[in-house]
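Working notes for the structure below.
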Amino acid sequence: MQKSYRNGWKIVLVYRCFVKDINMSLLTYKYETEKKSLDTFVKQATARFLDKNLDLDCVGPLTKTPGLLFELSNVYETTDDEMQQMKKIFYDIGARFVSMDINSMTQTVYFSVETQSAHKRSFCTGLYKCVPPLPIVFCIVLCLYKYQSGTMPLVS
Amino acid sequence: MSLQISERNYAPSILKSHEKLDMKNVENEDKTIIYNLLHTLSRTGEIIFSYKIFPKSIFLTLSKMQTLDYSMLEKMYMVSERIENITINFRKKNVVVLIKKRSSDTQVKIRKRDICDKRMAEASASNFVYKNNIRNEDKRVFTAIIKHFFAWTWKSVACHIELETEGDHYKVQVTSLMSIDYKKLRTLDQMGPWINDMHIDLESAVLSFDVSRTETINDSQQPNKKTKYI
């Protein structure tokens, strides 16, 4: 509520009631279709890392492609072999692509894991590619018509 | 080989001279910049600072801060021309100031290739706007704003947007951001006068701002002029 006064007289009372309209993530894909597979991926990855006494933290879903960002904090010393082994864990679970980012300032390692899309394309999805463009369809129909009626200019 | 020194200190509420701050291996000129930065921030409350020195730059990390305004970031950026950028790290709940060291040799700058697919980001932004209940008059502004957020989080974690509307006045809250820097906020601010009240809450990791296309009559500070109609 906003009050404003002018020369001691109350002149306006404005009630501001904000309506919560939007509450969503900025993603380029449908999260609902991927949610189940991403959740199982997180469970599997954290369990596999816990087996090696590593506390992996899932930061959230990736913006561009179906996938997740994982964070491994308090890493003070590591070797190339260890990092490759960690990457391999993600590939074993079913990751499509894993990229790694080491932040030496915060002693944190980030794993950007792209997963296989759970959204399966239906049988009819690619059918439109087989249909030729409309002008070509018209030409074919016209040619067939003219060929049947015997007025085809090319066929004498 | 880079020289790395890390130190933790408490910034007192009023700092009178930078000599009091025991900063080993820091040149006097750099010390003055750090002192001025801390002095600018000291009014907001107690701050813990640490720094790392590299041959060409100093990373000053400020923690225990709870809130920050865009105006405060502007003040910090204006402390010295050697302040390259100010990054707000929402995950670690700290602010990192990058101070460049003065060097005589000319540096070769390598421009990074754009990571973001601009067309796809724009398409996704317009899709986001058209799906949601945003007025036709404001769709273009919101497409531009959301396109920026898509670009900033392109190969990273998706941010979360909460929007409250009242007519053409919008309250935007961005969560799940990993980090944001002063230069990005400046591009947001420079988009137009309709973006205001940029506020950063480090405790709850929220960036909030208002988007308003109209001005309330009562908000204008212009003096009243009496006009005579004859």
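We did not get these values from a lab; they are worked out from the coordinates using the rules stated. Keep in mind that this is a model prediction, so the values were computed, not measured. Glycine also receives a Cβ, built like all others from the backbone with ideal geometry; neighbour counts cover every protein chain displayed.
Side notes on the structure shown:
- Net length available on complete extension from B:K112 to B:H199 is 28.4 nm, with 0.36 nm assigned per residue and the Cα-Cα distance removed.
- Residues in the range B:78-95 carry Karplus couplings, in order, of 7, 4, 8, 6, 8, 7, 7, 7, 10, 10, 9, 9, 6, 5, 8, 6, 9, 10 Hz; the curve used is 6.51 cos²θ - 1.76 cosθ + 1.60 with θ = phi - 60°, and Gly or Pro positions show x.
- In the range B:118-217, taking the dipole from charged Cβ atoms about the Cα centre, the farthest positive-side position among B:N132, B:S156, B:L202 is held by B:S156.
- The range A:16-91: trypsin sites (Lys or Arg not before Pro) in DSSP loop, at most 15 other beta carbons within 10 Å: A:R16, A:K30, A:K52
- Applying the criteria of a DSSP loop state and at most 15 other Cβ atoms within 10 Å to the chymotrypsin sites (Phe, Trp or Tyr not before Pro) of the range A:38-109 yields A:Y76.
- Calculated SAXS-style log₁₀ I(q)/I(0) at q = 0.11, 0.17, 0.19 Å⁻¹ - the range B:118-217, Debye, Cα scatterers: -0.31, -0.77, -0.98
- Here r is the Cβ-Cβ distance between A:N74 and A:K30 and R0 is 25 Å; the resulting FRET efficiency, rounded to 0.05, is 0.10.
- Cross-link pairs A:K30/B:K155; A:K52/B:K52; A:K87/B:K92; B:K56/B:K183; A:K64/B:K183 - those with Cα-Cα distance over 27 Å: A:K52/B:K52
- Rh by Kirkwood over Cα pairs, then Stokes-Einstein D for the range A:31-115 at 1.002 mPa s and 20 °C, µm²/s: 164
- A simple spin-label model places pseudo-atoms 7 Å from Cα toward Cβ; at A:C143 and A:N53 they are separated by 7.5 nm.
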